[in-house]
Amino acid sequence: MAFENPSREQIKQILTDTKVIAVVGLSDNPDRISYMVSQAMQDKGYRIIPVNPNAEQILGEKSYASLEDIPDSIDIVNVFRRSEHIVPIAEEAVKIKAKVLWLQQGIYNEAAAQIAEDHGIEVIMDRCIKVEDSILLPKKQ
């Protein structure tokens, strides 16, 4: 059976319930899409936690080398990495008990989705979190 993203209503509920988003592959370069999307989400009221081993701080938040290094609980693991690098990230998302594994637009990995889903993690693939949030929650509640 082929992977299917949750319904629009389910995605809206996920975003409504979300407070903390760990962003794997968040660049400290303001010209990169990961930075722009994360900054927009931060401006909307979400707490963004960068996961980038090559940066100390991004968007005013401490950056962590891996998901497992983050001491806080994570609602969404939002991923800006190529599709072939997603399985280990899904495995880490399972270890930290994230609620959602969100793969940005253009990123798709069914094996990673299966790992996450087998452990009760909701999966969204090939969708931009900023676009979905803008459409479904024009004003964060």
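The values are calculated or read from the model by the stated rules, or taken from the named source; none is laboratory data. No experiment lies behind these values; they were computed from the predicted model shown. Cβ: placed from backbone, ideal geometry, glycine included. Neighbour counts: every protein chain shown. For the accessible areas, the whole protein counts, side chains as well, though only heavy atoms, and no ligand, DNA or RNA atoms are used. Shrake-Rupley method; radii C 1.70, N 1.55, O 1.52, S 1.80 Å.
Evaluating Asn54 against the criteria (1) under 20 Å from Pro6 (Cα atoms); (2) open to solvent by 80 Å² or more (accessible area, probe 1.4 Å) leaves one unmet condition, (1). On the stretch given as region 10-37, residues that are closer than 22 Å to His85 by Cβ, among the hydrophobic types (A, V, I, L, M, F, W, C) and in contact with a strand residue (DSSP E or B) (Cβ under 7 Å, 6 or more places away or on another chain) total 5. Scanning region 121-141 for residues that are within 16 Å of the chain's Cα centre (by Cα) and polar (S, T, N, Q) yields one hit, Ser134.
Restricting the search to region 121-135, which residues are open to solvent by 40 Å² or more (accessible area, probe 1.4 Å) and touching a strand residue (DSSP E or B) at 6+ places or on another chain (Cβ under 9 Å)?
As a first pass, look at region 121-135 and keep what is open to solvent by 40 Å² or more (accessible area, probe 1.4 Å): 122, 126-127, 130-131, 134-135.
Within region 121-135, Glu122, Asp126, Arg127 qualify.
Does region 87-120 hold any residues that are within 12 Å of the chain's Cα centre (by Cα) and open to solvent by less than 30 Å² (accessible area, probe 1.4 Å), and which are they?
Answer for region 87-120, where residues must be within 12 Å of the chain's Cα centre (by Cα) and open to solvent by less than 30 Å² (accessible area, probe 1.4 Å): Ile89, Ala90, Ala93, Ala98, Val100, Leu101, Trp102, Leu103, Gln104, Ile107.
For Leu59, are the conditions met, namely being farther than 30 Å from Ala2 by Cβ and either exposed (fewer than 14 other Cβ atoms within 10 Å of the Cβ) or not hydroxyl-bearing (Ser, Thr, Tyr) (or both)? It is true that Leu59 is farther than 30 Å from Ala2 by Cβ and either exposed (fewer than 14 other Cβ atoms within 10 Å of the Cβ) or not hydroxyl-bearing (Ser, Thr, Tyr) (or both).
Determine whether Gly25 is modelled with pLDDT of 95 or more, touching a Lys or Arg at 6+ places or on another chain (Cβ under 7 Å) and over 25 Å from Ala113 (Cβ atoms). Considered against the rule, which asks whether it is modelled with pLDDT of 95 or more, touching a Lys or Arg at 6+ places or on another chain (Cβ under 7 Å) and over 25 Å from Ala113 (Cβ atoms), Gly25 comes out as no. Identify all residues within region 55-70 that are of a type outside the set (Val, Ile, Thr), closer than 20 Å to Lys97 by Cα and outside any helix (DSSP H, G or I); write none if there are none. Within region 55-70, Ser63, Tyr64, Ala65, Ser66 meet the criteria.
Mind listing whichever residues of region 18-46 are assigned to a loop (DSSP other than H, G, I, E, B) and open to solvent by 70 Å² or more (accessible area, probe 1.4 Å)? Spell out how you get there, then give the answer.
Start the filter on region 18-46 by keeping residues that are assigned to a loop (DSSP other than H, G, I, E, B), which leaves 18-19, 25-32, 44-46.
Selection gives Lys19, Asp28, Pro30, Asp31, Arg32.
Cβ separations smaller than 6 Å between residues 6+ apart or across chains give the following pairs from region 26-40 residues that are under 12 Å from Asn78 (Cβ atoms) to residues that are assigned to a helix (DSSP H, G or I) and open to solvent by less than 30 Å² (accessible area, probe 1.4 Å): Leu26/Ser34; Leu26/Ser38.
Can you tell me how many residues in region 67-86 are within 16 Å of Thr18 (Cα to Cα) and surrounded by fewer than 23 Cβ atoms within 10 Å (Cβ to Cβ)?
Qualifying residue count, region 67-86: 4.
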